[in-house]
1. Please give the charge dipole size of the chain, origin at the Cα centre, charges +1 on K and R Cβ atoms and -1 on D and E Cβ atoms. Round to the nearest 20 debye.
2. Relative contact order of the chain, please, whole-number percent, based on alpha carbon pairs below 8 angstrom and at least 6 residues apart.
3. What list of whole percents do you get for P(r) of segment 129-278, with Cα-Cα distances grouped in 5 Å bins up to the one holding the largest distance?
4. Roughly how many debye, to the nearest 20, is the charge dipole of segment 434-492 about its Cα centre, given +1 on each Lys and Arg Cβ, -1 on each Asp and Glu Cβ, and no other charges?
5. Set Lys and Arg Cβ to +1 and Asp and Glu Cβ to -1, take the dipole of the chain about its Cα centre, and tell me which of 546, 201, 599 lies farthest positive.
6. Which of rounded, prolate, oblate describes segment 464-621, given a ≥ b ≥ c as roots of the alpha-carbon gyration tensor eigenvalues and a/c under 1.5 marking rounded, otherwise prolate only if a/b is larger than b/c?
7. Suppose every K and R has +1 on its Cβ and every D and E has -1 on its Cβ; what is the size of the dipole of segment 265-454 about the Cα centre, in Debye to the nearest 20?
8. Over the heavy atoms of residue 295, what accessible area does a 1.4 Å probe trace out, to the nearest 10 Å²?
Amino acid sequence: MPKRRKGSASAESEAKSAPGRGLRDQLVKLGIARDQDLVLHLPLRYEDHTRVVPLHALAPGTTAQAEGVVVNTDIQYRPRRQLVALIGDDADAARSGQLILRFFHFYPSMQKALAPGTRVRVFGEVREGHFGREIVHPQFKAIAPDTPLPDRLTPVYPTTAGLAQDALRKLAARALAADPALTAETLPDWLVAKRQLWKFGDAVRFLHAPPPRLSSPTQRALDERTHPAWTRLKFDELVAQQLSLKAHRRARAEKRAQPLAGTGALTDALLARLPFSLTHAQQRVRREIGSDLARTTPMQRLLQGDVGSGKTIVAALAALQAIESGRQAAFMAPTEILAEQHYRKLLQWLDGLPVEIAWLSGGLPAKRRRAALEAMASGAAMLAVGTHALFEDEVLLPLLGLAIVDEQHRFGVAQRLRLRGKAMGEAHQLMMSATPIPRTLAMTFYADLDVSVLDEMPPGRTPVATRLVSQKRRAEVVERVRRACAEGRQAYWVCPLIEESEKLELQTAVALHAELTAVLPELRVGLLHGRMKPDEKAAVMADFVAGGIGVLVATTVIEVGVDVPNATLMAIEHAERFGLAQLHQLRGRVGRGAAESTCYLLFEEPLTDTAKARLKVIYENTDGFEIARQDLVIRGPGEFLGARQSGVPLLRFADLEKDAALIEQARDAAEELLRRDPAAAAAHLARWLGGKEEFIKA
Ligand code: ADP
Ligand code: MG
């Protein structure tokens, strides 16, 4: 245990402290690398240490500070080992009270720190115990009589193991006092006045140490972060983000990419052999991408289109345009199955055309992997298709002119950064997604992308009929499957989602497969799950595509992009466990041909209110954009960035949902600032980003 300054300990922070780790490391963990970062490291909440409640007046259920002299201290063993100290008043006997301090986690040294006769100041939540008022795990501090009380609220900062609040408080106070530049205005007066903002210095000083006894609306505004001091900080953060985006855009505009105007030799050949003609939307988007590629500015375009809107062919045409221009194209997808499917589709589409395709995935045998790497490195393969295996350092694509990323939102921030770093600076980039980006995100994290939208479905599709079916009636669904397969159709049966345990999910899949094999003896029932080896998965998929397998039992590995037009029926077990986006993606696996398709959502009763709301949305809507909109209402945009991105400091203070209006103001302000006062813009950016630029724009 590390040495402790006498009497200053809070039990909580001590219990967490790990010896030998430098303060510096701890600060870095908190994203604090400079004094400026300390100024911007703002409290989560506050404690009122400015007054002391007399012991006799402590009310159970309140959080309060009290003061007294230790009467006795003891380690008790029932019902479990604990340190118990009793403190009392030395005030006049009639009004005197007592308070029990109880510690279930403690160090022997704390017994000494609470030796009888010691005067202590304690803070915590008062409750009524068996033996009178008590505080469990109070903060406590030995003090001399008449030690003055602080005159400000005490900040509680976000911290990390081993770094005590007291230490952070001192560091923050020191940083605030150290250098006036750290609290100086970076925004010009006209902007501060126009937006009626608090001064930056006033705002940070207020937030680090607010005065006590605020009116209750002010206190609430402080807690809910709607106080003008918070607004100023959020505004500054958002302005910095917008400036960073603009800087990024400018940097991109200065970058030079090889213009890939194409010759039409390959694209025309592909169009001529397609069994369908492009929709108007596909033609429009193709033109947008085509003219981007012909420029010397690297394209960064997001292609949004609902499930089944036909993004793949648009991507293939873009790839061919690059290849016609003498450059390589890479096509990445987030899962093996999807990548493999793209690979097969491209093989089929490009059969007989002079384009060699290299296939790369994590599960490739060493020999084939080497061959693929070689073909990419030598330029023999002009088209590379694969999973994120394509991001690896070993992969060389010396002629890379266009990178295509399917289902881009499934890739995390780190991967996207990696992608940017990988020779892509000079390459054009096309990202595709079936999930529409919420407006606030479009203005922030995705603001440096151009967007194309496929807002038209290929013709001849019958919309998928959706049926909600209680588990009690699943036998009827089995009969539907039997009948559809007898008519030469195929079906998916999707296993329940079990987030807690992949193993359990696997068991369920195997059990479901056995059950369906038993009740549908005349059919071949296939099984597809995430634990299978890539080539096993590929074999099952190929068998399903060829029509050998009638019913495919699958976990959500089939969620994205799988395309088997003859499959017209889908059953989803425990549909109530899935998110809306996922249900929509899953349902999009059927209804891919001209035949009528049905999706059965099997649910287990009773349903929670959220589950009911979700199932209602998916039942009533077929438009992915509308579903996503309602999903956002249920979940909020924070979720959109995905669990994979959690832990990355995107925005510290501003909330994408609640501060949507502020985002717009910040965007306008950033524009005006750049125009009128570029030096201030640079200073502002430096304050907020330091070395962290890459995260904020990721
Ligand atoms: P998504 O946008 O979900 O990736 P896909 O690219 O997988 O959709 O296309 C879905 C299906 O529609 C594929 O079988 C594809 O070949 C077919 N398709 C694409 N464009 C058209 C079109 N213009 N007419 C008819 N079918 C099309
Ligand atoms: Mg797709």
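The values are calculated or read from the model by the stated rules, or taken from the named source; none is laboratory data. Please read all numbers here as calculations on a predicted model, not as lab measurements. Every residue, glycine among them, receives a Cβ derived from its backbone with ideal geometry; neighbour counts consider all protein chains shown. Heavy atoms of the whole protein, side chains included, go into the accessibility calculation; ligands, DNA and RNA do not. Shrake-Rupley method; radii C 1.70, N 1.55, O 1.52, S 1.80 Å.
1. Dipole of the chain, to the nearest 20 debye: 1240 debye.
2. On the way: 1217 pairs, mean separation 86.5, N = 698.
The normalised contact order for the chain reaches 12 percent.
3. 1, 6, 9, 11, 12, 12, 9, 6, 5, 5, 4, 5, 5, 4, 2, 1, 1, 1, 0
4. Approximately 700 debye in magnitude.
5. 201
6. Rounded is the answer for segment 464-621, as its axis ratio a/c remains below 1.5.
7. Working: 20 positive and 18 negative charges, 28 e Å.
The calculated dipole for segment 265-454 is roughly 140 debye.
8. Result for residue 295: roughly 120 Å² accessible.
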